[in-house]
Amino acid sequence: MLDPRQALRKILDNVRILSAERAALADACGRVLSRDLIARLDLPPFHNSAMDGYAVRAHDCRRASQKSPAVLRLKGVVAAGASPPAVQVPRALRTAGASPRIKVMPGEAAKIMTGAPPPEGADAVVRKEWTQEDPGGLVRIFHAPRRGDCIRFRGEDIRKGRKLLSRGAPLRPYEISLLAAQGISSVTVIRKPAVSILSTGDELAGPAGPAAYGKIRDSNGPALAAALAQAGISGLNGGIFPDDPVILTKAFKKFLERSDLMLITGGVSVGDYDYTRKLLERIGIKVVFWKVAIKPGKPLLFGRRGRKLVFGLPGNPLSALVCFEEFVRPALEKMQGLRPETFRYLHQGRLLNTYIKERRRAQCLFARASGRPERFKVRILLPQGSALLARAARANAMAWGPLGVRRLKKGDKILFRWLK
């Protein structure tokens with residue numbers, strides 16, 4: 001059996017990044033850029049105020065303080081969003097020849113809104129909290145600004161013609177905001193993988209109608225579809241297939257053709273009706289490995305044909321989900337150009353109970369974690385079992401029982417990750 005980390009390395013070595021496609025900006029979050037992007041325009045596109053306040057000449061306020069404020073004549077109001085800036089001249093200052101533009105002269109100030117361009121003559125903005133507007137068109141300035149204070153200068157974030165984002169950049173809300181500010185409405189990104197899900201086994205029944213004696217409901221199909229949706233991928237649930245080599249062969253061929261990655265649950269162990277591995281080899285799948293030293297999930301199979309990947313997951317529902325998280329999810333991340341998380345057990349806590357595991361296998365343990373960082377406490381849920389769905393539904397964490405360790409003792413430190 002392969003060490004789990006060695007198995008994951010083998011998987012990632014066989015993954016190829018998918019081709020690119022055009023996506024609307026609204027659908028691009030979580031995707032990866034497939035080419036460099038160059039800035040179309042300066043950001044900010046013009047000088048503008050970073051605060052609501054008063055645009056002033058810094059020299060006029062050089063000695064301003066709480067005890068001795070600078071007193072300036074209010075010239076008008078510069079609102080955001082108008083071009084040229086909309087100006088409201090105070091009633092006391094209106095004259096028949098008033099100009100629609102403001103020019104701040106020595107001893108004058110203009111009220112300004114966030115995002116509005118500073119008027120001609122002003123070289124600083126004093127935030128509103130440091131001022132007091134008096135009747136008669138005067139404003140008191142209680143703070144001595146420096147030139148450029150509270151002004152966002154044109155192009156200070158990025159200049160037109162510079163590299164905006166590099167190929168391979170994951171698009172988060174921050175990058176989406178940057179692209180929108182540039183007037184970019186669509187981008188070229190790595191496409192999402194097409195993933196199909198096939199549940200196999202004579203014992204499986206669908207969700208509708210009463211299940212006959214000896215039948216169990218298929219939970220793997222819905223669970224894996226949900227796990228894919230959580231990863232931002234719309235999976236194709238192919239349905240349930242009996243343990244019939246002819247039917248399975250046709251299904252494997254059909255769904256492999258329409259998929260980048262195929263997930264098959266069941267039929268990968270050593271039972272008389274476990275046909276998955278043999279049938280995959282028969283249709284040209286190269287089996288990279290079969291069986292991993294992990295619990296649950298030992299019978300995991302991974303294969304490929306060209307750029308197409310196949311995972312044979314164990315039929316027990318928790319085994320299938322654990323294998324998805326530990327092995328399939330990193331493969332999907334790499335396929336989309338993302339940097340795969342190869343080990344996500346990054347938190348550490350103190351064990352509240354003792355657990356005995358197999359020394360020859362690592363074990364993923366459903367657990368309850370509580371507390372705060374540096375003082376996390378972890379309780380392993382008992383009993384552990386690859387079909388105990390209600391037990392898993394109570395867990396909020398997955399603890400890591402390392403390969404080569406048999407006894408996890410109460411009070412020991414243990415690595416864990418939160419379950420999403």
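Consider only pairs whose beta carbons are under 9 Å apart and that are at least six residues apart or on different chains; among these, list those whose first residue lies in segment 42-68 and is closer than 30 Å to GLN182 by Cα and in the same structural domain as ALA109 (by TED's automatic domain parsing) and whose second residue is among the polar types (S, T, N, Q) and not in a loop (DSSP other than H, G, I, E, B).
Qualifying pairs under 9 Å: GLY53/THR131; TYR54/THR131; ALA55/SER49.
Inspect segment 267-277 for any residue being at positive phi and either in contact with a helix residue (DSSP H, G or I) (Cβ under 7 Å, 6 or more places away or on another chain) or among the acidic types (Asp, Glu) (or both) and give the result as yes or no.
Yes, the conditions are met somewhere in segment 267-277.
Have a look at ALA205, ALA223 and point out the one that is under 30 Å from VAL268 (Cα atoms), in contact with a strand residue (DSSP E or B) (Cβ under 8 Å, 6 or more places away or on another chain) and either surrounded by 15 or more Cβ atoms within 10 Å (Cβ to Cβ) or hydroxyl-bearing (Ser, Thr, Tyr) (or both).
Just a single option satisfies the conditions, and that option is ALA205.
Check whether at least one residue in segment 330-346 is farther than 30 Å from LEU171 by Cβ, touching a Ser or Thr at 6+ places or on another chain (Cβ under 9 Å) and not in a loop (DSSP other than H, G, I, E, B), and report yes or no.
no
Filter segment 307-321 for residues that are free of Cβ contacts under 8 Å to residues at least 60 places away in the same chain and surrounded by 24 or more Cβ atoms within 10 Å (Cβ to Cβ); which is nearest to LEU204 (Cα to Cα)? Let's see the steps before the verdict.
Just the residues of segment 307-321 that are free of Cβ contacts under 8 Å to residues at least 60 places away in the same chain, to begin with: 308, 310-312.
From what is left, the residues that are surrounded by 24 or more Cβ atoms within 10 Å (Cβ to Cβ) are 310, 312.
Working: VAL310: 21, GLY312: 17 Å.
That would be GLY312.
Can you confirm whether segment 344-359 contains a residue that is out of contact with any His (no Cβ under 8 Å at 6 or more places or on another chain), surrounded by 17 or more Cβ atoms within 10 Å (Cβ to Cβ) and within 24 Å of THR200 (Cβ to Cβ)?
no
Restricting attention to segment 369-387, and to residues there that are surrounded by 15 or more Cβ atoms within 10 Å (Cβ to Cβ), aliphatic (A, V, I, L, M) and out of contact with any helix residue (DSSP H, G or I) (no Cβ under 7 Å at 6 or more places or on another chain), which single residue is farthest from HIS347 (Cα to Cα)?
The residue in question is ILE380.
Kindly list the number of the only condition in (1) on the phi > 0 side of the Ramachandran plot; (2) modelled with pLDDT under 95 that fails for ARG339.
Checking ARG339 against (1) on the phi > 0 side of the Ramachandran plot; (2) modelled with pLDDT under 95, the one that fails is (1).
Is it the case that ILE176 is more than 25 Å from GLY239 (Cα to Cα), in a loop (DSSP other than H, G, I, E, B) and aliphatic (A, V, I, L, M)?
Numbers: more than 25 Å from GLY239 (Cα to Cα): yes; in a loop (DSSP other than H, G, I, E, B): no; aliphatic (A, V, I, L, M): yes.
Judged against the criteria, ILE176 is not a match.
Does SER269 count as touching a Pro at 6+ places or on another chain (Cβ under 7 Å) and of a type in the set (Ser, Thr, Tyr)?
Working: touching a Pro at 6+ places or on another chain (Cβ under 7 Å): yes; of a type in the set (Ser, Thr, Tyr): yes.
It is true that SER269 is touching a Pro at 6+ places or on another chain (Cβ under 7 Å) and of a type in the set (Ser, Thr, Tyr).
Could you check segment 347-378 and list, in sequence order, the residues that are among the small types (Gly, Ala, Ser) and assigned to a loop (DSSP other than H, G, I, E, B)? Outline the logic, then answer.
Initial filter on segment 347-378 (among the small types (Gly, Ala, Ser)): 349, 362, 367, 369-371.
Within segment 347-378, GLY371 is the sole residue that qualifies.
Out of all the residues in segment 388-399, is one or more polar (S, T, N, Q) and closer than 22 Å to ALA293 by Cα?
no
Yes/no matrix, rows are residues, columns are (1) among the hydrophobic types (A, V, I, L, M, F, W, C); (2) crowded, with 18+ Cβ neighbours inside 10 Å; (3) at pLDDT 90 or above:
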{"position": "ARG91", "(1), (2), (3)": "no, no, no"}
{"position": "ILE112", "(1), (2), (3)": "yes, yes, yes"}
{"position": "GLY115", "(1), (2), (3)": "no, no, yes"}
{"position": "VAL126", "(1), (2), (3)": "yes, yes, yes"}
{"position": "TRP130", "(1), (2), (3)": "yes, yes, yes"}
{"position": "CYS150", "(1), (2), (3)": "yes, yes, yes"}
{"position": "PHE153", "(1), (2), (3)": "yes, no, yes"}
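Would segment 271-281 turn up any residue that is crowded, with 18+ Cβ neighbours inside 10 Å, within 16 Å of THR200 (Cβ to Cβ) and under 32 Å from the mean Cα position of the chain (by Cα)? Don't jump to the end; show me each part of the working.
Taking segment 271-281 and keeping what is crowded, with 18+ Cβ neighbours inside 10 Å, we get 274-277, 279-280.
Now restrict to residues that are within 16 Å of THR200 (Cβ to Cβ): 274-277, 279-280.
Those left that are additionally under 32 Å from the mean Cα position of the chain (by Cα): none.
Scanning segment 271-281, I find no residue that is crowded, with 18+ Cβ neighbours inside 10 Å, within 16 Å of THR200 (Cβ to Cβ) and under 32 Å from the mean Cα position of the chain (by Cα), so the answer is no.
The values are calculated or read from the model by the stated rules, or taken from the named source; none is laboratory data. Predicted model, so just to flag it, every value in this text is computed and none were measured. As a convention, Cβ positions derive from the backbone with ideal geometry for all residues, glycine included, and neighbour counts pool all protein chains shown.
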